[in-house]
Amino acid sequence: MFEFLWHLGSFIVALGILVTVHEYGHFWVARKAGVKVLRFSIGFGKPLLRWHDKLGTEYVVAMIPLGGYVKMLDERVDKVAEHERHLSFNAKSVYARIAIVSAGPIANFLFAIFALSLMYVIGVQSVKPIIGDVTVQSRVEAAGLKAGDQLLEVGSQQTQDWQEVTLALMQHLGDDSVNVKIQTPSGTQSIKVVDLEGWSLQQRDQSPLASIGIVPFRPDATLTLAMVAPDSPAQRAGLQEGDVLISVEGKLIKSWSALVQQIERSAEQPLQFHVMRGKTGMDVTVIPADKPTEDGFSRGYLGVVPVVEPWPEDAIVTRSYNPVTAIGLGVAKTWQMISLSFEMIANLITGQVSIKNISGPVGIAVGAGTSVSYGFVAFLSFLALISVSLGVFNLLPLPVLDGGHLMYYIIELIRKKPVSEKTQEIGFRIGATLLLALTAFALLNDIARL
């Protein structure tokens with residue numbers, strides 16, 4: 001229950017910040033363009049808070065925190081007094097309307113630059129991209145990459161952590177190959193060519209790294225239990241936090257990974273563990289639950305998490321920069337994420353990335369809660385990523401989104417006259433239907449991940 005409330009609260013805070021930033025972009029430019037703003041609302045539904053400023057704008061914080069809007073004076077929506085016609089949105093030039101509509105996504109991009117710059121000033125602690133293992137018969141094994149190699153560059157991008165490796169790698173989706181600069185444990189540097197022909201992301205939640213055969217280095221998991229999930233097969237059998245797993249079915253457990261493989265092969269089959277609890281040894285019989293995989297196969301599930309050895313000091317890197325350098329890095333990282341977001345949309349259309357990878361509000365809530373748990377810097381990084389995603393999403397040419405309005409205004413510039421209200425209305429209905437379908441599909445993906 002606490003975890004649910006934590007994710008929900010983090011989601012409300014994150015989305016509240018990003019929606020406020022987005023809508024304030026529209027609001028600020030509308031005011032500068034001389035448009036009368038009637039309402040600035042964060043959320044939908046029943047108002048929880050409301051107040052007015054001296055210019056008559058109503059500010060609202062509503063019950064449903066899934067968006068927001070800026071209501072402007074507009075003759076197409078309400079009757080406008082003659083003396084206020086010059087203050088209406090529709091009375092402004094097409095260039096002013098384009099500026100007002102595009103201000104929301106631009107505000108999201110500027111916020112991402114701010115969040116990332118602040119993150120780089122505070123200091124970013126991350127894990128060096130050192131390979132822990134290479135999947136047999138994978139693309140990287142064929143290229144000659146081995147466990148212990150550190151990835152210095154992917155393509156032309158320097159890579160100081162796994163996030164940078166992933167972003168750089170995704171920019172080459174659709175390419176025939178990519179050059180990867182590595183450094184071996186002995187310090188020797190070389191360039192390997194990874195074949196990417198036919199590479200795509202079709203499995204739900206499969207990371208780009210796993211799809212080409214890279215297993216990032218992680219400290220070894222011990223056989224001591226750090227956590228036993230509530231109402232799991234392990235808890236029902238009596239296993240407790242701090243227990244040390246010695247053997248299973250009379251055979252010594254060699255490693256955590258070997259144990260995981262045995263559990264996954266033993267769905268609904270009793271397994272007898274010998275466990276040390278303090279100085280006392282005992283036998284515990286556990287029946288792993290059957291947790292079907294996406295492809296329909298059975299997989300055993302125990303519900304335990306091991307204690308992990310601490311990270312080696314030389315595997316962690318902390319980066320902190322002066323404000324000027326941090327802003328430059330923030331701009332570059334934001335541009336990289338914007339470019340990658342549009343590329344991913346194109347890849348979704350062409351089928352190189354499965355639509356099963358689309359996340360909805362549940363996925364965002366889990367991401368928000370997890371990032372908050374990791375600390376303020378991680379939350380800033382998460383906010384920047386979602387802010388860019390929100391800005392890019394709103395630029396899609398769907399009539400109910402900012403991008404749809406911009407599409408109409410560009411057509412107006414070309415035709416020298418506005419798109420007819422009837423055509424706009426039809427477009428809005430089609431756009432609303434597509435948006436609703438996309439939202440429903442994203443929610444179904446979220447539910448499938450639970």
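The values are calculated or read from the model by the stated rules, or taken from the named source; none is laboratory data. Computed from a predicted structure; not experimentally measured. Methodologically, a virtual Cβ is constructed for each residue, glycine included, from the backbone with ideal geometry; neighbour enumeration extends over all protein chains shown. Surface areas here come from the heavy atoms of the whole protein model, side chains and all, with no ligands, DNA or RNA. Shrake-Rupley method; radii C 1.70, N 1.55, O 1.52, S 1.80 Å.
Numerical summary
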read-out	value
Residues LEU66 and ALA147, FRET efficiency given R0 of 35 Å [Cβ-Cβ distance, rounded to 0.05]	0.20
Antiparallel bridge percentage (DSSP; both residues within the chain; nearest 5)	90
Lysines whose Cα lies under 17 Å from that of LYS192, excluding same-chain neighbours fewer than 8 positions away	LYS146, LYS181
Helix-only mean residue ellipticity at 222 nm for the chain, each DSSP H run of n ≥ 4 adding -39500 (n - 2.57), per residue, nearest 500	-14500 deg cm²/dmol
Sequence ranges 151-163, 238-250, ranked by mean other-Cβ count within 10 angstrom, highest first	151-163, 238-250
Under 22 Å from LYS251, Cα to Cα: lysines that are on another chain or at least 8 residues apart	LYS279
Dipole magnitude of the chain about its Cα centre (Cβ charges: Lys, Arg +1; Asp, Glu -1), debye to nearest 20	1460
The chain - percent of accessible surface contributed by carbon and sulfur, probe 1.4 Å	61
Mean Kyte hydropathy of -1.0 or more with a Cα span along the axis of at least 18 Å, helices from DSSP in the chain	2-32, 94-122, 323-350, 361-374, 376-394, 402-415, 421-449
Cα pair count fraction exceeding 28 Å, expressed as % - the chain	62
Theoretical FRET efficiency, 1/(1+(r/R0)^6), r = Cβ-Cβ of THR224 and LYS291, R0 35 Å, to 0.05	0.90
Centre separation in Å (Cα based) which lies between segment 223-245 and segment 296-349	30
GNM flexibility winner over the chain from ALA103, ALA221, ALA14 (Cα, springs under 10 Å)	ALA221
Accessible area expressed per residue, the chain, with surrounding protein chains retained (probe 1.4 Å, Å²)	54
Length released on extending from VAL13 to VAL419, taking residue separation times 0.36 nm less the Cα-Cα span	142.3 nm
Modelled FRET efficiency - R0 30 Å, SER156 with VAL136, Cβ distances, 0.05 increments	0.50
23 Å Cα-Cα reach of LYS36 towards lysines, excluding residues that sit fewer than 8 places from it in its own chain	LYS54, LYS71, LYS79, LYS92
Residue range of the chain that is longest and free of trypsin sites (Lys or Arg not before Pro) which are both DSSP loop and sparsely packed (at most 12 other C-beta within 10 Å)	80-253
